[in-house]
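Read the structure below first, then the notes.
The values are calculated or read from the model by the stated rules, or taken from the named source; none is laboratory data. For clarity, every value in this text was computed on a predicted model and none was experimentally measured. Positions of Cβ are backbone-derived with ideal geometry, glycine not excepted, and every protein chain shown enters the neighbour counts. Keep in mind that these areas ignore ligands, DNA and RNA; they rest on the heavy atoms of the full protein, side chains included. Shrake-Rupley method; radii C 1.70, N 1.55, O 1.52, S 1.80 Å.
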Amino acid sequence: IGNEKNIRHSPWRMNLVCQFAHGLTVPEALKQLLFCQKVKAPLVAKVIRRTANLADIRDGVQPSQLEVAECFTTHGTHLKRLKIMGRGRAGKKLRRFSHIRLVLREIDFPTKILEAKSINQKRKWLERLAIAREDYEKARVEKEELAELERLAAEVAEKQRKEKEAAKE
């Protein structure tokens, strides 16, 4: 679950951008938002990227294994301003703010493959499954290498500490 608060943009216009990403996998949503001509599309892409990164850190789920379950905007607090009109009249103008709420969920690949109506859709989901497995393996190998390097660094630090203690005696 990710969010961005107090964005100086109208909630209706921001919701148009959020609808581009809804229901897509994370890499596809980022690709769609890259070519979206709306002003706040990079901001929504940043929120998706940040939330996918948090899912990777917390749960070990790669971005290729996630899809955008919810992406919508709500009203924030508005700034009330004076709207000067003709014939000496004045009105009220609202400077609108909005909040983004984003929910990513892990893709259930077997269900998606079974629900696919055509062979091309099934092939597409199988390709996505292969990419997700490949990304998972890369991340697992990287984590193992990192753990090994941390273990070696701890051994070197312990050895240096013992040498210092021996030199003092």
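Taking 4.7 Å between beta carbons as the limit, the unpaired Cys residues of the chain are CYS36. Secondary structure note: in the chain, about 100% of the DSSP beta bridges are antiparallel. If R0 is 45 Å, the Cβ-Cβ spacing of ALA153 and SER118 corresponds to a FRET efficiency of close to 0.30.
Please compute the contact order of the range 75-165 in relative form: average sequence separation of alpha-carbon pairs under 8 Å and at least six residues apart, divided by the residue count, as a percent.
Details: 47 pairs, mean separation 14.3, N = 91.
Relative contact order, the range 75-165: 16 percent.
Based on C-alpha pairs under 8 angstrom that are at least 6 apart in sequence, the chain has a relative contact order of 25 percent. A simple spin-label model places pseudo-atoms 7 Å from Cα toward Cβ; at LYS138 and ARG105 they are separated by 2.7 nm.
Accessible area per residue for the chain in Å², computed with a 1.4 Å probe and the full protein assembly in place, what is it?
On the way: 12150 Å² over 169 residues.
Each residue of the chain exposes 72 Å² on average to a 1.4 Å probe.
Once you order the gyration tensor axes a ≥ b ≥ c over the Cα atoms, which shape class does the range 1-58 get: rounded for a/c under 1.5, otherwise prolate or oblate by comparing a/b with b/c? In terms of gyration-tensor shape, oblate. Overall, the chain carries a charge dipole of about 2260 debye about its Cα centre when +1 sits on the Cβ of Lys and Arg and -1 on the Cβ of Asp and Glu, all other atoms neutral. For the peptides 61-68, 157-164, residues were scored by their other Cβ atoms within 10 Å and the scores averaged per peptide; the highest-first order is 61-68, 157-164. In the range 73-168, a dipole from Cβ-located charges (positive for Lys and Arg, negative for Asp and Glu) runs towards its positive end, and of MET85, ILE119, LEU152 it is MET85 whose Cα lies farthest in that direction.
Per the Debye formula on identical point scatterers at the alpha carbon atoms of the range 61-115, with no solvent, log10 I(q)/I(0) at q = 0.14 Å⁻¹ is -0.61. Modelled label positions at PHE35 and PHE72, each set 7 Å beyond Cα in the direction of Cβ, lie 2.8 nm from each other.
How high is the relative contact order of the range 5-53, in percent, with contacts defined as C-alpha pairs under 8 Å that are six or more residues apart? Kindly include the intermediate steps, with their values, before the conclusion.
Values: 29 pairs, mean separation 15.3, N = 49.
Dividing the mean separation by the residue count of the range 5-53 yields 31 percent.
Based on the Cβ-Cβ distance from LYS83 to ARG50, what FRET efficiency comes out when R0 is 35 Å, to the nearest 0.05?
The calculated FRET efficiency here is 0.45.
Applying a 10 Å radius around every beta-carbon, put 90-103, 133-146 in order of their mean neighbour count, most first. Mind dumping the intermediate values first?
Working: 90-103: 15.5, 133-146: 11.9.
Top of the packing list down: 90-103, 133-146.
Among [x] 16.4; [y] 17.7; [z] 9.5, which is the computed mean projected area of the Cα convex hull in nm²? Read-out from the structure maps to [y]. For the range 99-169, which whole percent of the accessible surface, found with a 1.4 angstrom probe, sits on carbon and sulfur atoms? Solvent-exposed carbon and sulfur of the range 99-169 make up 54 percent of the total.
For the range 86-153, compute the orientation-averaged projected area of the C-alpha convex hull (one quarter of its surface), in nm². Approximately 12.3 nm², given one-decimal rounding.
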